[in-house]
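Accompanying notes for the structure given below.
Readers should treat all values here as calculations from the given coordinates under stated rules, not as data from a laboratory. What you are looking at is a predicted structure, and each value in this text was computed from that prediction instead of being measured. Cβ atoms come from the backbone with ideal geometry, glycine included; neighbour counts cover every protein chain shown.
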Amino acid sequence: MDCRELGKKAGMAGNTRYIVVVGNPNVGKTALFNAMTGLYGDVSNFPGTTVEMCYGRVGRDLVVDTPGVYGISSFNGAEKLVRDLVLTADVIVDVVDAANLERDLFLTLHLIDLGLPVVVALNMSDETARHGLCVDRKSLEKILGVPVVSTAAVKKEGTEALVGELSAARRGHRDPHLAGRLPEMAGELGTSEAMALLLLEGDAAAAGTLDLPPGSEKMLLYNKRRVRANEISGIVYGLNQQEKSFLDKLGQVMIRPATGFPILILIMGLLYLLVGVLFAQVVVNFTQGRLMEGYYEPFIRTILAGYMDLGSPIGVILTGQFGLLTMAITYLLGLLAPLVIGFFLVLSLLEDSGYLPRVAILMDRLLSVVGLNGMAVIPIVLGFGCVTAATITTRLLPTDRERRIAIFLLALAVPCSAQLAFVTAIMSRLGTAFFILYVMIILGVMVAAGMVLARVLPGFSAPLMLNVPQLRLPRPDNVLIKTWMRSWQFLKEAFPVFVGGALILSLLRLTGTLDAIQNSMEPITVGWLNLPRESANAFIMGLIRRDFGTAGILGLPLSAGEQFVAMVSLTLFVPCIASVMIIFKERGWKEGFVIWISVLFLAFLIGGLVSRALWLITGVVGPQAPVLMIGMLILLAAGLAGVAFFSRRV
Amino acid sequence: MTLDRSKRGQVIRIISLPDEMTRAQATRFGIPEGTVVTCREVIPMGPVVITRHRQEIAIGRKLARLIGVEPVSSGEQCAAADSL
């Protein structure tokens with residue numbers, strides 16, 4: 001999408017200036033965008049959060065925030081997006097991290113070489129001081145030939161000066177060799193100088209547009225640009241002798257396996273205590289049990305009973321088993337809201353601290369087993385927040401093969417925060433053994449599916465090459481705002497689904513259709529999964545949203561084992577409608593459908609197998625079955641690992 | 001030798017990168033062929049982390065096996081530092 005199309009979509013007039021904010025990942029583009037537009041966007045301390053752009057208006061201007069890139073070309077989906085935007089922009093705000101000029105100036109010089117109108121925002125100048133660095137802004141301005149403004153976007157410093165300088169944006173001092181050559185070339189080809197440069201650099205899309213063979217000077221030009229970037233940063237930096245700070249040392253300890261894995265387990269444990277215990281039990285007992293079921297629901301029923309017969313169709317729709325005013329609202333506000341807030345709080349803390357790239361380093365080796373590299377940790381962890389958003393984030397993965405694997409695993413085995421909310425609520429009733437077994441089964445399915453895909457899909461996975469940001473103490477205000485905005489967004493989307501879903505269920509029940517569906521699904525629910533026929537409701541609703549389906553389990557009188565089987569099947573079940581639409585959009589109809597059907601099939605297949613195994617083992621050892629199953633799974637995993645190890649040696 | 005063989009704390013120069021894509025990305029990151037970097041961490045079986053100035057870059061083991069490096073002696077280090 002280029003700026004004009006975006007402008008049309010945003011309903012901008014003809015005299016709009018298009019201002020595109022670009023920069024390397026994690027330099028504060030989004031924070032700057034927010035400060036400029038007064039809008040909210042996510043700010044994160046890890047590469048790849050902004051994979052789709054956001055835009056906002058400042059007066060008659062349209063400001064566009066973009067995903068972080070290291071150069072202008074089409075190495076991945078995000079870069080293609082940025083390339084199209086900068087080529088059509090009126091002003092480019094290039095955000096550079098004042099502490100990482102050497103790296104960031106490559107992109108700046110790339111933009112200048114392309115002949116685009118640039119203003120440089122020298123961001124995080126406050127942190128530079130902490131590193132004992134100082135940047136000579138005036139020399140930088142002179143060397144680059146474009147305005148350079150110091151900013152500290154998270155503190156909203158310098159943004160006004162930046163907005164003031166926008167009209168001073170200009171083409172900077174190009175590589176002298178290119179300065180002579182590009183205008184001539186552009187004239188001959190009848191295209192822009194920017195396109196001419198991209199062609200020289202072998203950009204496939206530019207070559208396609210111009211219908212010419214791609215040029216072969218990429219490395220030559222890249223190397224020259226790199227040398228210039230290094231020289232410039234050498235000139236404008238003061239000296240940089242610095243003590244290793246505590247955070248530096250912590251960052252180091254976090255990636256060494258001997259200390260890193262215990263830290264990872266410790267952090268996961270703490271997060272579980274926060275979400276699984278504090279939010280899922282203490283808070284939810286209060287909000288759902290006390291507030292909603294204790295006060296709110298009886299209150300509503302008493303009031304409505306004064307006006308209508310609660311047994312009438314309307315009464316059933318409003319306050320019955322799937323009541324719009326009772327079940328839908330209680331689940332939404334009493335259960336979903338506190339849990340989703342808990343999950344997003346954790347996710348925001350993880351993102352803003354810069355811990356996730358360190359997890360990516362730790363997990364690189366393990367993820368290679370399923371054909372992914374460490375970078376895939378980011379979409380997978382995000383998936384525990386929202387599978388839809390995570391599916392979009394897979395764009396940061398370098399190859400199509402990896403995106404395919406990651407999207408499939410997200411659809412199959414990663415429950416989103418809403419579903420986790422219900423899973424946690426149910427699991428906390430079933431006990432620790434079932435919880436561990438649940439984690440092992442879902443994880444096992446994920447690993448097995450990934451291994452099969454890694455074997456079957458053609459091609460190779462790209463190796464890891466990841467820029468690791470500084471470890472930072474998350475800013476509380478940033479974390480809280482982000483948590484709130486994301487939770488609010490999520491609940492806004494969930495609200496119509498819960499209300500609509502409850503309405504549909506009530507209607508199906510009143511018309512008798514529910515019975516018919518339950519009967520037709522009996523071979524699967526009763527015959528294969530050994531669940532009561534009413535569980536069909538949960539699966540039907542699960543087609544719309546897995547969490548809504550999972551919520552349906554809460555209302556059913558099921559034994560512990562039955563709840564467990566339902567939980568496993570529903571976790572593996574197809575993701576929500578929104579995710580499915582994104583999968584179709586990202587992968588096309590054909591592949592999307594194959595993914596959807598495979599996930600559906602696997603969910604029932606594995607659910608049934610678990611049900612049978614649980615039934616068999618319970619018959620032998622009684623209620624200790626989950627513990628025994630955990631033991632058996634550990635032995636199985638150890639056995640498989642052993643076989644793999646020895647077969648490689650032979 | 002190759003990058004995966006380097007030791008923690010060792011100062012090395014990157015001599016060869018395996019392919020065009022890696023070379024382009026490395027150049028953007030600021031570690032093209034010829035750059036002197038410090039090996040910050042070698043994760044057993046996992047990635048190698050190198051630093052240059054305040055920047056840290058993690059490189060997957062498979063890729064590290066394909067990157068040619070040479071140790072830089074302490075005398076050269078000073079020269080390299082001076083030229084920055």
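Worth a mention:
- Other protein chain Cβ atoms within 10 Å, averaged over every residue that makes up B:21-27: 6
- The label-point distance for A:Arg137 and A:His177, in a model that sets each label 7 Å from Cα toward Cβ, rounds to 3.4 nm.
- Net charge dipole size for the range A:223-367 [Lys, Arg +1 and Asp, Glu -1 on Cβ; Debye, nearest 20]: 820 debye
- Top of B:Pro71, B:Pro44, B:Pro32 by mean-square fluctuation, Gaussian network on chain B, Cα under 10 Å: B:Pro44
- Rg over Rh for the range B:3-82 works out to 0.93, using Cα positions for both radii and the Kirkwood form for Rh.
- Averaging over all projection directions, the Cα-based convex hull of the range A:383-439 occupies 4.1 nm² in the image plane.
- Spatial separation of Cα centroids for the range A:162-229 and the range A:476-530, in angstrom: 52 Å
- Options A:Leu62, A:Ala425, A:Val119, ranked by Cα towards positive dipole end of chain A, top entry (Cβ charges): A:Ala425
- Label separation (B:Arg13 vs A:Met440): 5.4 nm, computed from points 7 Å beyond Cα along the C-beta direction.
- Each Lys and Arg contributes +1 and each Asp and Glu -1, all at the Cβ; summed about the Cα centre of the range B:3-82, the dipole is approximately 280 debye.
- Descending semi-axes in whole angstrom, ellipsoid equivalent of the range B:26-71, from the Cα gyration tensor: 16, 12, 10
- Principal-axis tilt of helix B:20-29 within chain B, Cα atoms, nearest 10 degrees: 50 degrees
- When the protein assembly as shown is described by a simple charge dipole with +1 on each Lys and Arg Cβ and -1 on each Asp and Glu Cβ, the residue from A:Leu274, A:Ile263, A:Gly294 located farthest towards its positive end is A:Ile263.
- Around the amide H of A:Glu217, modelled in the peptide plane, lie the amide H atoms of A:Gly202, all under 5 Å away and 5 or more residues distant in sequence or on another chain.
- Residues B:Ser16, A:Ser569, A:Ser74 arranged by fewest to most Cβ contacts within 10 Å: B:Ser16, A:Ser74, A:Ser569
- Peptide A:374-383 - average C-beta neighbours from other chains (10 Å radius): 1
- Paramagnetic reach from A:Ile504 in the range A:538-574 [backbone N under 12 Å; point 7 Å along Cα→Cβ]: A:538-546, A:548-549
- Candidate lysines - alpha carbon under 26 Å from A:Lys80, same-chain residues fewer than 8 apart omitted: A:Lys8, A:Lys9, A:Lys29, A:Lys218, A:Lys224, A:Lys585, A:Lys590
- Percent of C-alpha pairs per 20 Å bin, the protein assembly as shown, short to long: 16, 46, 30, 8, 0
- Cα-centre dipole for chain A with unit charges at Cβ (Lys and Arg positive, Asp and Glu negative), debye to 20: 800 debye
- Options A:Val86, A:Asn34, A:Met375, ranked by Cα towards positive dipole end of chain A, top entry (Cβ charges): A:Met375
- Ascending count of other beta-carbon atoms within 10 Å, so fewest first, for A:Met327, A:Met446, A:Met375: A:Met446, A:Met327, A:Met375
- Crossing angle, helix A:417-430 versus chain A [Cα axis fit, 0-90 degrees, rounded to tens]: 40 degrees
- Peptide-level mean, for A:70-77, of C-beta atoms on other protein chains within 10 Å: 2
- Calculated mean residue ellipticity, 222 nm, the protein assembly as shown: -18000 deg cm²/dmol, from DSSP H runs (n ≥ 4) at -39500 (n - 2.57) each, averaged per residue and rounded to 500.
- Per-residue 3J(HN,Hα) values for the range A:555-572, derived from phi via the Karplus relation 6.51 cos²θ - 1.76 cosθ + 1.60 with θ = phi - 60°, read x, 8, x, 10, 6, 4, x, 5, 4, 5, 4, 4, 5, 5, 4, 6, 5, 7 Hz in sequence order (x marks Gly and Pro).
- Sorting A:166-178, A:16-28 by average packing, meaning the other beta carbons within 10 Å per residue, from highest down gives A:16-28, A:166-178.
- Amide N proximity, the range A:488-508 versus A:Met308 label position 7 Å along Cα-to-Cβ, cut-off under 18 Å: A:499-508
- Low-density loop positions, chymotrypsin sites (Phe, Trp or Tyr not before Pro), the range A:387-461 - DSSP coil, at most 12 other Cβ in 10 Å: A:Phe460
- For the range A:370-380, backbone phi angles converted through the Karplus equation (6.51, -1.76, 1.60; θ = phi - 60°) give residue-by-residue couplings of 9, x, 10, 10, x, 4, 5, 4, 5, x, 5 Hz, Gly and Pro being listed as x.
- q = 0.12, 0.20 Å⁻¹: log10 I(q)/I(0) that the Debye formula gives for the range A:194-315, counting C-alpha atoms only: -0.82, -1.06
- Set of aspartates and glutamates with alpha-carbon distance to A:Lys482 below 12 Å, sequence-local pairs under 8 removed: A:Asp42, A:Glu351, A:Asp352
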